[in-house]
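J.: Below: one structure in structure tokens.
The values are calculated or read from the model by the stated rules, or taken from the named source; none is laboratory data. What you see is a predicted model; the values in this text were computed from it and never measured. Please note: Cβ atoms are built from the backbone with ideal geometry, for glycine as well, and neighbour counts cover all protein chains shown.
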Amino acid sequence: MSKQILVIDDEKAIRNSFALTFEESEYMIDTAESGEKGIEITQKKKYDLIFLDLKMPGMDGVETLRKLRETDKDTPIYIITAFHQEFLDKLKVAEEDGVDFEVIRKPVDSEQLTHIVKGILDKPGIY
Amino acid sequence: MKYKIAELINLAKAQVLTDSFCETVGIASAIIDLDGKVLIGSRWQEICTDFHRVNPQTRLRCIESDTVLANRLLKGRKYAIYECRNGLTDAAAPIVIEEEHIANFFVGQFFSEPPNIEYFRKMLREYGFDETSYLKALSKVPIIHKERIEPILDFLSGFAELIGEMGLKQIRQLETTDALQENEERISQMVKGNSMPIFVIDKKHIVTHWNKACESLTGVPSSKVVGTKKQWSAFYPAERPVMADFITDELEEEIAKYYKSKCQKSTLIPGAYEAEDFFPKVGKSGKWLFFTAAPLKNSKGDVIAAIETVQDITERKKNEEELKNLYKKLKQSQTQVIQLEKLKTIGIMAAGIAHELNNPIMGIINYVQYCLKHTSRHDRRYSVLRDLEYETKRCIDTVQNLLTFAYGRENGKEESQNVSCDTLLQRVTKLLNHRIEKEHVLLNYHIADRTPEIRVKVSQIQHLFLNLISNALDALNKTTKKEINIDVCCEGDFIKAVIVDTGCGIAAENIDKIFEPFFTTKTLGQGTGLGLTINQNIIKEHGGEIKCESNLGAGTKFIVLLPISKKGKSR
């Protein structure tokens, strides 16, 4: 069974970047355009990897992260961000609270995306 | 009355002259002041002295006669002739000196016509005079006609007035001399006892006074200058007029010529000038002096000397200078605050723009790469897409650099961190790469092996390197050889970064000014003149050092020393 990846980002360009990069790959990409939608999807389906934006209208990335971690402690969550200071501070608090996540800086091209995804999902020993 | 005749005329000498005159003319004369006091008497008639003035009754008549004459003269008459009640004639003329009637010249007694002997015989019987001697005395009284009396009186009173006026002149001269001496004495005392340095020169430019305060200010003893024209020697290395010299000669235009804008007319003393200037010769290392020269005039208003006061204002000047420096420093830090504030704003703006660009750029790069993936290498569009990918990556780099650069300024405060100098220089050169390529500049970068990390505020040091390399690029603008050499090595507890360009260089007279705020040789709009000032502050804040060596036309070398981190040191 192919690995399931969820991308939560309000920007279509980001969602498309993932979708196009992993088209015809062994990875299945689902996308959600908001934190609320993302949480809704994860309740129905189990993912191997989640990419999450920080700056989103409605529920922001950090709130979405905390909510996701309430029910799921294991799925690797990669915060993909353009480093907005306000959200970084909030993220730091979450980290201090023991919430587990990684951070990737935008922009990321197809090569790097493939590299990251393969690095995480093809080496199950790490996570 | 201001003067008494006795003060004006040398009575003893006048007596001799009057005596010989009267002897010649054969007439008695006297100068009698307005109080009736006989000052000079000549050839009194025996008939008067031995008889009339001896007997109390006839004596009364004598005095009455004098008084009547005097009264007549007081009424403004030129002279008066009176027959005394003792039967003789008197005449008198006033002595007027400077329109003041101060005494009378009397002549007498005489007969204006041959005497009536019977009258006098009657007198001698009445008052018991000895007949023989009385008549003998009577015969001695001269007979002078009235017409002759007038010129005699004119001569005598004129003579009295002449010698009176001479006497007056002499007295006046004596008074003036006294006054001058008194003035001189007063000036001397004023100058001597004054705590302000003062010297006085006379009309011939010879120093007449040089007080103690002047000695201690100039170090020149009065014995060396008083009586000479060497007043200049205390102030100037070569002979030239001092302010007082111009004042004695009343050469106001020369003052303006010599002292220019440093001098002005005194607002307190008419005819005086004041100025301030630095005198390298005075004191150990020169002094600032404020000096005022004023004319000394006699009663006619002629300048006869000049007095100059000299104040040591070095301390005041020093304080002013200090105040000026403080103000300058204040202004500097103020502009630096403004500049940093501006940089901060620019940083925040750049970061904002970069953030906003990140999402679309990520879309673009991935779209391009998707297209590339699905385009055959033989397709003509493949190479175009490759170019598009390359250009997009350049955009990404620029945005990244901008963000890295702006990072840390966003909060205004930045913490020091350990970082390698190499990382910072790489980041900066990458940011300037486009310019370096476009302007065909050859950048040689060399870093020594295993250079330890420095502990710095990253964005500040990046800013410093960015500024220095940008300046180097600016300097290469018009030169044919376009090279920048960056060399990084370890020197003691510091990392030494040397940035050398082959540009236009800095003129020797400007090299000391390059760190001054607002100093720039760039044209308007090319620079604010604050870059190096900020750099110097950044370096100071880090406990480092920045130095510049340059030769006009041969390029510039900037040496930056930054402290190695403790971690780096222990390594």
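J.: Evaluate the following for B:Asn359: is it more than 14 Å from every other protein chain (Cβ to nearest Cβ) and in a helix (DSSP H, G or I)?
T.: no
J.: Sticking with this structure for a sec: Do you know which of the residues in the range A:10-25 that are in a loop (DSSP other than H, G, I, E, B) and facing chain B (nearest Cβ under 8 Å) is surrounded by the most Cβ atoms within 10 Å (Cβ to Cβ)?
T.: A:Glu11
J.: Related question: Would the range B:15-31 turn up any residue that is surrounded by fewer than 17 Cβ atoms within 10 Å (Cβ to Cβ), more than 22 Å from B:Arg148 (Cα to Cα) and among the small types (Gly, Ala, Ser)?
T.: No: zero hits.
J.: Scan the range B:232-255 and give yes if some residue there is small (Gly, Ala, Ser) and crowded, with 19+ Cβ neighbours inside 10 Å, otherwise no.
T.: yes
J.: How do the helices (runs of 4 or more DSSP H) wholly within the range B:203-312 filter down when requiring 1 or more residues that are modelled with pLDDT of 90 or more: which remain?
T.: Counting at least 1 such residues, we get B:212-218, B:222-225, B:243-248.
J.: To continue, here is another question. Hey, could you check the range B:345-395 for residues that are of a type in the set (S, T, N, Q) and more than 20 Å from A:Leu113 (Cβ to Cβ) and say which is modelled with the highest pLDDT?
T.: B:Ser376
Okay, residues lined up against (1) aliphatic (A, V, I, L, M); (2) under 18 Å from B:Leu402 (Cβ atoms):
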residue	(1), (2)
B:Glu415	no, no
B:Asp422	no, no
B:Val441	yes, no
B:Arg455	no, no
B:Leu466	yes, yes
B:Lys482	no, no
B:Val488	yes, no
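J.: Does B:Ser459 satisfy the condition of being in a helix (DSSP H, G or I), buried (at least 18 other Cβ atoms within 10 Å of the Cβ) and either within 58 Å of the chain's Cα centre (by Cα) or modelled with pLDDT of 85 or more (or both)?
T.: yes
J.: Could I ask something else about it? Looking only at the range B:144-174, count every residue that is loosely packed, with under 13 Cβ neighbours inside 10 Å and of a type in the set (D, E, K, R) and tell me the total.
T.: Result for the range B:144-174: 4.
J.: For the subset of the range B:531-552 comprising residues that are of a type outside the set (Gly, Ala, Ser) and assigned to a strand (DSSP E or B), which member is surrounded by the fewest Cβ atoms within 10 Å (Cβ to Cβ)?
T.: B:Lys547
J.: Follow-up. Go through (1) crowded, with 19+ Cβ neighbours inside 10 Å; (2) within 14 Å of chain A (Cβ to nearest Cβ); (3) hydroxyl-bearing (Ser, Thr, Tyr) one by one and return the number of the condition B:Thr309 breaks.
T.: It is condition (2) that B:Thr309 fails.
J.: Restricting the first residue to the range B:236-254 and requiring it to be over 14 Å from B:Glu308 (Cα atoms), which pairs with a second residue that is of a type in the set (Gly, Ala, Ser) and part of a helix (DSSP H, G or I) meet a Cβ separation below 8 Å and a spacing of at least six or different chains?
T.: B:Glu239/B:Ser233
J.: Does at least one position in the range B:240-261 carry a residue that is farther than 22 Å from B:Arg316 by Cβ, in contact with a helix residue (DSSP H, G or I) (Cβ under 9 Å, 6 or more places away or on another chain) and among the basic types (Lys, Arg)?
T.: There is at least one residue in the range B:240-261 that is farther than 22 Å from B:Arg316 by Cβ, in contact with a helix residue (DSSP H, G or I) (Cβ under 9 Å, 6 or more places away or on another chain) and among the basic types (Lys, Arg).
J.: Kindly provide the set of residues from the range B:483-499 that are buried (at least 19 other Cβ atoms within 10 Å of the Cβ) and under 55 Å from the mean Cα position of the chain (by Cα), ordered by number.
T.: Within the range B:483-499, B:Ile484, B:Ile495, B:Lys496, B:Ala497, B:Ile499 qualify.
J.: What residue, among those in the range B:313-344 that are touching a residue at least 60 places away in the same chain (Cβ under 8 Å) and more than 14 Å from chain A (Cβ to nearest Cβ), is farthest from B:Leu388 (Cα to Cα)?
T.: Checking each candidate, the answer is B:Lys331.
J.: How many residues are among the small types (Gly, Ala, Ser) and at pLDDT below 80 when one looks only at the range B:514-549?
T.: Summing the residues that are among the small types (Gly, Ala, Ser) and at pLDDT below 80 in the range B:514-549 gives 4.
J.: Could you check B:Ile469 against (1) modelled with pLDDT of 90 or more; (2) assigned to a strand (DSSP E or B) and say which number it fails?
T.: (2)
J.: Would you tally the residues in the range A:57-76 being surrounded by fewer than 22 Cβ atoms within 10 Å (Cβ to Cβ) and within 27 Å of B:Gly352 (Cβ to Cβ)?
T.: The number of residues fulfilling the criteria is 6.
J.: On to the next question. Does B:Val560 satisfy the condition of being β-branched (Val, Ile, Thr), modelled with pLDDT of 90 or more and surrounded by fewer than 21 Cβ atoms within 10 Å (Cβ to Cβ)?
T.: no
J.: Filter the range A:13-61 down to residues that are touching a strand residue (DSSP E or B) at 6+ places or on another chain (Cβ under 9 Å) and among the polar types (S, T, N, Q) and give me whichever is farthest from A:Met1 (Cα to Cα).
T.: A:Ser34
J.: So, one more: Before we move on, is A:Tyr47 aromatic (Phe, Trp, Tyr) and under 13 Å from the mean Cα position of the chain (by Cα)?
T.: So A:Tyr47 passes the test.
J.: Out of B:Gly347, B:Gly363, I need the residue that is in contact (Cβ under 8 Å) with a residue 24 or more places away in the chain and either within 23 Å of B:Thr398 (Cβ to Cβ) or touching a helix residue (DSSP H, G or I) at 6+ places or on another chain (Cβ under 8 Å) (or both). Which one?
T.: B:Gly347
J.: Go through the range B:367-387 and give me each residue that's within 14 Å of chain A (Cβ to nearest Cβ) and either touching a residue at least 24 places away in the same chain (Cβ under 8 Å) or aromatic (Phe, Trp, Tyr) (or both).
T.: B:Tyr367, B:Val368, B:Tyr370
J.: Say whether the condition of being of a type in the set (Val, Ile, Thr) and surrounded by 20 or more Cβ atoms within 10 Å (Cβ to Cβ) is met by at least one residue in the range B:282-300.
T.: yes
J.: Test B:Lys140 against the stated conditions and say whether it is surrounded by fewer than 17 Cβ atoms within 10 Å (Cβ to Cβ), under 30 Å from B:Ala14 (Cβ atoms) and in contact with a strand residue (DSSP E or B) (Cβ under 9 Å, 6 or more places away or on another chain).
T.: Here the answer is no, as B:Lys140 does not meet what is asked.
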